[in-house]
Each structure stands twice: as C-alpha cells, then as structure tokens.
Amino acid sequence: MPSNYDSIRKDEKRKDELLNNALMLLGQMYSDRTHFIFELLQNAEDAGAAKILFELFEDRLEVKHDGCPFNERDVRGVCGVGEGTKAEDLTQIGKFGIGFKSVYAYTSTPEIHSGDEHFRIENYVRPYKAPTKVPTDPWTTLFVLAFDATDLEPQTAMYEIAERLRNLSARTLLFLRNIKEIEYKLPDETGGLYLREAVSRGQTKQVTVIGQNNGQDEDESWLVFERPLSVPDSADTVWVEIGFKLEANSKDRNESIVRIKESPLIVYFPTEKSTRFGFLIQGPYRTTPSRDNIPKDDDWNIKLVKETALLLVDALQSLKKMGLLTVALLNALPIRMDDFPEDGMFYPIVEAVRNALLDQELLPADDGTFVSARNAKLASSAELRKLLTHDQLGELFQSNDDIKWLSGEITQGRTPDLRSYLMSELNVEEIRPKTFAELVTNDFLKEQTDNWIIQFYNFLGNDKSNLCRKRTRNNPDGPLRNKSFIRLENGSHVKPFNDNDLPNAFLPPENDTDFPIVKREIVKDEKALEFLKKLELTKPDAVDEVIINVLIKYRQSNPDISDDDHRKDIKKILKAYETDSQKKKKMLEEQLKATKFIRAENLVLQQIEYKKPKQLYFRNEELYFAGNEDAWFVSSEYDQVFYNLFKDLGVHDVARVKRKMPGWNRHVEIKSDYGSHKRGLN
C-alpha cells in the first residue's frame, strides 16, 4: 500500500522540524562560528552607527550600537531567510537573513531591544515579545545573546568570543563608512578599543585605524581610493575601493606605500578569498552565504573586477601626483605573474596594470621623473646609469622619444620580482656595458665634452667586461678595441691601435711632440690616466720614433731619402734597439724585419736599393756569387757596430742554397768586414 502523500505534505509538525533543521545547518555553515560578530558589525554599519560595544559576560554577550532603531522591516529581516531584493543584496551588507543565523551557534533565543521593538527569537524565525530593556545613552540598539546553545558550554562560548574580540584587528574598520569605534569589555575587566579616522587627501582619503591585535598595538594608515557605480534596477550607488598601506620612514619620516603580505578580498569585511595583491580591494561582491567563496563567473562580480581595474589605473596617476608612486609601490602591484593565471578572477586587474605601465609614464625614472615601459631602459650598474644621460640614451638608440633610465632602486638584489616583471612582461631592455659599447658610434663620441670623455675613461677603468681587450686565441677583440674612442690633443678621435696592433696615440710627454697624443686635459685626471696605461698606451720613446716616424718613409714605393737622412735614421734605429723593454724590442724587431730599410748592393746589376734584412748577405771578398743577379749584399757604408743588429734581424753571413748539386760538400772560410769564421755550405 503506498504512502499517504497528502498527509505527509500537510504535516505541520514535520514542516517545523524540517525548517528548524535547515536553519540549524545554516547556523553551523561557518568554519569559524565567531563569524557572527561580523554580522552584528554589518547590521550596525547599515543602521548608520558610529560606535558599537561588545560586552562579554560569563553567560552572555551584549552588543550595543548607536545606529537607527529597528522597525518592522528590520524585525522581519532578522527573523527571515534572505527576503530582500537583488538591489538590497548589493547595497546592504548587514541585512541579516541567513547571516544572522550564525548567532545560533551560541544562543537559542537571541533578544533584540531597539526603539519600540523588544523581542526574542525562537526556533530561528519566530519573534516573541520580550520584557523591555532600554539601552542607556548613547546606545539605541541592544542585542542579548545568552549562551544557552544545547551543544556548547557557556565557558567555551565565552573563551571563543573573547579570543575573536582580542584578535579582531583594527583593519576591520578600514572600509566602513559609518562605524568609527569598536569597543569590547571582557569578564576579567580587561578590554580594548579599535578606532578609525578618515580625512580627505586630494582625490582620495587617508584612513587611520588603531587598536590592539592579540595584545599588540596596531596603528596603520591607509590611502583609500573609491569608484562609484550604479546598482542594477536601482537608483542606489555602491563603490569599489582600493586600500594602499602607508608607512613613514624611520629616518626622515617620509611616507611611502608598502606591500602587504596578506590580502584577502574585502566585501566590507575580510573574506576567505585571497587576491595575492600587495594592497586591499573592496566591493559589494556576491558571495556564498558563509563568505568563503566568490563566484567568479557571476556577471556582477565580473563588473566589479573591471571597475576595480579602472580604479587602480586612475589611482596610480593620483599617487604619482602625490609623490607616492615609488619603487616600493610597484612592488605592491600584481607583478608576480605565477600568482595570476589568465583564467583567474582578478586577471583583468593584472592586465590593466600591465597596459598602463607599458603606455603611461608611471615607472619611476632615475632623474626623479616618470617614464613608460616602452621608453624605459634598465642599467646593469650605477656607473653606467651615471655615465649616460637621458639625452645621450636617445642619441644611442636614435629615438625621437624621451628614453630614460629606470630608478636605481630596481636591481636584481633588491627588487628581483620587479626587475623580472619589467624585462619579461614589459620588455624593458637591460643595458650592459657590452651593449653600450656595441651601440656607441664615432659620431656620438665626437659630440661629447672632455669632462664626459674623462668620465667615460673612468668607467672603462672600473669595467670588468674587457670592452677594450686585445684578441686572443679564444676571444675576439673587445667591442671598443676597433672604435675611435681615444681623443687626441687636436680634438680628433682614433682607435687605440691600428690593424698591426701598433699605437695610434700616445700619452703626452713633458715636452712638445709631433706624435699623436691623448689630450693633455684628459690625462690630468688620475683615473683616466690609469685606464690609458692599463690600455697599454705609453709616452713616445725611441722605439715609437722609429716605428711611427722613421720606418714609414721606407715603406713607400721608391723612397727618396738622402744619404744624410738615412744615416740619421739608421742611428735612431740602433739607439731604439737598445731599449730595456723586451716587449718594445720585440715589437721593433717585427717592424724592422718587415721593412726595406737597409741599403743593399747588387754586384752583378751594379744597383743600390733598400731591402728587408732577410733578403741580404754580409759583404765578403771570398764569398762571391758569380753572375747571380739575385744576390744582394749589405752596403759597405755601414760600420761594424751594425753587425749584431743586422744579424739579429736576419741578414745572412752564409750562402743560402736553393739547389744542392750531387757530391757537393765542403767548408769555406768567410772573411768580412765584421770578422772571419767558418761555415759549411751544403
């Protein structure tokens, strides 16, 4: 036989049991049952209260506020289950309904005394008249929550509520518009006070909240920005808000915005939804009843996120005008991209920040102004940033835009997340010494002052990048090695060395000289001089005289050099060859061996020419190349003093055999003007 469905449907006792069970579950839906304190704060805020007092006793909690007294609509609301309109859902944060049911974790019969209303609530939704209790001035409303829940000892209730009140945090007041004071008193006659003060500051307001958090004094200042928006199907207005925490520097007391570690989404009071921002955002988001989640696909919530993104961009411009757009503030922005997936609820805010920083002048520049990411450069070192002005950066990058260095506070060591964000998300280029060396041009260098050239040489002297290094087997020339960055006395520029690795410039000697020298004004700077010496530039000496001024004459085709000039030249060569510097001597040897500077005689052709040392033989009457037109001998005009020099350079004192005849093997004694000795000819 089937059940009597009509009887079940009309069973009033069953209906009451089901309703009570459902409401009991609602009262237990919060992970923290002391959450009801926020519900009472919300009611006081909606009632326009400026003050609220939580007075805790061993058997009850009494809550008083000075807001508007209850009316019948309020009575129906507190005894109902979310009976308001959608517009009311968004404009009233403490409308009771479901939220108030959280008090039933501690009491079964809450009492409310406000204005003409004096009632208790039984079975969650049924109001009954209660004996009149008129709150004393200045209070208008009194809640009495007796600790009579069946499954909770009064002592436990008292302990839990006391802990919540002690840990309420002054930030609870931050985004409220009416309540300025929260006071609590405990059974042991201790208590605490949380205060809020808001003052206008330009286009925003500065909110100061003070109090105690678990026995620790709190004193925080915040800048709160707000943006109004209309409620659908209503003439009411609500606001999205952003709060930046202010801190004063301990040294100069200057204020700056700092990143906060914990940033739950605020729906008038903290929710369990973390934003991962370095600041707080607040708005009338639609939440689950227990406020532990915010549906991200809800149209209203999507709109609030977009409005908050617009507000944040506007706030950055305001902070710039207020002198608070600093590197510390940038660190508070959503720059840690791993925290913000593209499908995340708050990604539109992340995207808006990135676009604003990319196109608007919101990044602190090194000169105290601001620059967009498109026109910003990071310097790898303070020295490079000091060396190149913003105008010079524009010249190097051949840009008509105002290219600027970013603030020197942005470094790998101090702000790694921000530096990474700038480079990876905003495509800001980091300029290193090697980058600069590759960009610099001869025309750029010619336009710079002597003082800048001095600073440039100082920079190169401290550089560890080997920008001027000489090529080795494993490394090419440094990027500056083949650029004309040496400024001469006449103002022109040359490479430090030519293709043969010979100096194109010298350090200035004490006296006047015809040598190309580095500008004397530049070498007066000790650090600049130190760099040039490190580059291996030297003052001109006898070796340089020979290489630069003497041998060049002999490298011409058919040099026209008088006998007297040649005698002077050869004496200079001999003197230079006596240098104590092995490096200089080696360099001189290489140049002499490669130059036709020795007068030579051809006995067959009866000619005199200049030849390289290895092309020649020493003169000797017994050493005779009968009919050999290829045999050239050192001219007899040279004194014996030149023998060792010529011999070191490769002049032969023995016949060189191009082809050996069969059976030919004998010794001959070679006699010459420089002595006699035996040589074997093979």
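For helix 12-27, report the angle its Cα long axis makes with the longest principal axis of the Cα atoms of the chain; keep it between 0 and 90° and round to the nearest 10°.
30 degrees
Report, to the nearest 10°, how far helix 299-321 tilts away from the longest principal axis of the Cα atoms in the chain, using its own Cα long axis and a range of 0 to 90°.
50 degrees
Karplus couplings for the stretch 592-598 from phi (6.51 cos²θ - 1.76 cosθ + 1.60, θ = phi - 60°), rounded to Hz, Gly and Pro as x?
5, 5, 8, 10, 7, 10, 9
Which three extents, in angstrom, do the Cα atoms of the chain have along their principal axes, listed largest first?
Answer, in whole Å and largest first: 148, 68, 49 Å.
So who's got an amide H within less than 5 Å of the one on I431, skipping anything under 5 residues away but keeping other chains? H placed 1.01 Å off N, in plane.
Residues meeting the amide H criterion: L378, A379, S380.
Along the Cα→Cβ direction, 7 angstrom out, place labels at K306 and Q556. What is the inter-label distance in nm?
Roughly 8.3 nm, to one decimal.
With the cut-off at 1.5 for a/c, could you classify the stretch 151-239 from its C-alpha gyration tensor as rounded, prolate or oblate? Could the numbers behind the result be given before it?
Details: a/c = 3.63, a/b = 1.69, b/c = 2.15.
Oblate.
Write down the percent of antiparallel bridges among all DSSP beta bridges whose residues are both part of the chain, to the nearest 5.
On the way: 85 of 99 bridges.
Percent antiparallel among DSSP bridges in the chain is about 85.
Using θ = phi - 60° and the Karplus curve 6.51 cos²θ - 1.76 cosθ + 1.60, what whole-Hz ³J(HN,Hα) does each residue of the stretch 118-131 get, with Gly and Pro shown as x?
Computed from phi, the couplings for the stretch 118-131 are 9, 8, 10, 10, 10, 6, 6, 10, 10, x, 9, 4, 10, x Hz.
Karplus couplings for the stretch 159-167 from phi (6.51 cos²θ - 1.76 cosθ + 1.60, θ = phi - 60°), rounded to Hz, Gly and Pro as x?
Working through the residues one at a time gives 5, 5, 5, 4, 5, 5, 5, 5, 10 Hz.
Residues with amide H under 5 Å of I260's amide H, sequence separation 5 or more or different chain, H placed in the peptide plane at 1.01 Å from N; which?
Under 5 Å from the amide H of I260: F279.
With the full set of protein chains in place, find how many percent of the accessible area of the chain is carbon and sulfur; take the probe as 1.4 Å.
After summing per-atom areas, the C and S share lands at 44 percent.
Among H652, L502, S465, which residue has its Cα positioned farthest towards the positive end of the charge dipole of the chain, with +1 placed on the Cβ of Lys and Arg, -1 on the Cβ of Asp and Glu, and the dipole taken about the Cα centre?
H652
Name the long-range amide H neighbours of I403: under 5 Å, sequence gap of 5 or more, or other chain; modelled H, no Pro or chain starts.
G394
Using +1 at the Cβ of each Lys and Arg and -1 at the Cβ of each Asp and Glu in the stretch 207-357, identify which of F277, A248, L304 lies farthest towards the dipole's positive end.
After comparing all options, I get A248.
Does the stretch 543-592 classify as rounded, prolate or oblate by the C-alpha gyration tensor (a ≥ b ≥ c root eigenvalues; a/c under 1.5 gives rounded; else a/b over b/c gives prolate, otherwise oblate)?
Details: a/c = 3.11, a/b = 1.70, b/c = 1.83.
It is oblate, given that a/c is not under 1.5 and a/b is not larger than b/c.
Let a ≥ b ≥ c be the square roots of the eigenvalues of the Cα gyration tensor of the stretch 440-487; is it rounded (a/c under 1.5), or, if not, prolate (a/b larger than b/c) or oblate?
On the way: a/c = 3.38, a/b = 1.71, b/c = 1.98.
It comes out oblate by the Cα gyration axes.
Could you list, in their original order, any pairs among K495/K539; K101/K133; K571/K612; K534/K583 whose Cα atoms are separated by more than 21 Å?
Numbers: K495/K539 16 Å; K101/K133 23 Å; K571/K612 17 Å; K534/K583 15 Å.
Checking Cα-Cα distances, K101/K133 exceed 21 Å.
Over the stretch 399-516, calculate the relative contact order: mean separation of alpha carbon pairs under 8 Å at least 6 apart, over the residue count, as a percent.
Details: 92 pairs, mean separation 16.6, N = 118.
Rounded, it is 14 percent for the stretch 399-516.
Taking the Cα centre of the stretch 301-423 as the origin, how large is its charge dipole in debye, to the nearest 20, when only Lys and Arg (+1) and Asp and Glu (-1) carry charge on their Cβ atoms? Spell out each step's value before the answer.
On the way: 13 positive and 18 negative charges, 42 e Å.
For the stretch 301-423, the charge dipole is close to 200 debye.
Taking only DSSP H segments of four or more residues, each worth -39500 (n - 2.57), what value at 222 nm results for the chain once the sum is divided by all its residues, to the nearest 500 deg cm²/dmol? Provide the component values of the computation, followed by the final result.
Working: 21 runs with 198 residues, N = 682.
After summing the helix terms and dividing by residue count, I get -8500 deg cm²/dmol.
Under a 1.4 Å probe, what is the accessible area of the chain per residue, stated in Å²?
Working: 35470 Å² over 682 residues.
That works out to 52 Å² for each residue.
List the lysines whose Cα sits under 23 Å from the Cα of K245, skipping any in the same chain fewer than 8 residues away.
Result set, ordered by chain and number: K180, K205, K261, K273, K306, K320, K321.
Could you order peptides 629-642, 37-50 by the average number of other Cβ atoms within 10 Å of their residues, highest first?
Details: 629-642: 15.6, 37-50: 22.3.
Listed from highest to lowest mean packing, they are 37-50, 629-642.
In degrees between 0 and 90, to the nearest 10, how far off the longest principal axis of the chain does helix 450-462 point, with axes built from Cα atoms?
Tilt relative to the chain: about 80 degrees.
The values are calculated or read from the model by the stated rules, or taken from the named source; none is laboratory data. Note that the structure is predicted; figures quoted are calculated from it, not measured. Positions of Cβ are backbone-derived with ideal geometry, glycine not excepted, and every protein chain shown enters the neighbour counts. The protein model used for the area step is the full one, side chains on, heavy atoms only, and it has no ligands, DNA or RNA in it. Shrake-Rupley method; radii C 1.70, N 1.55, O 1.52, S 1.80 Å.
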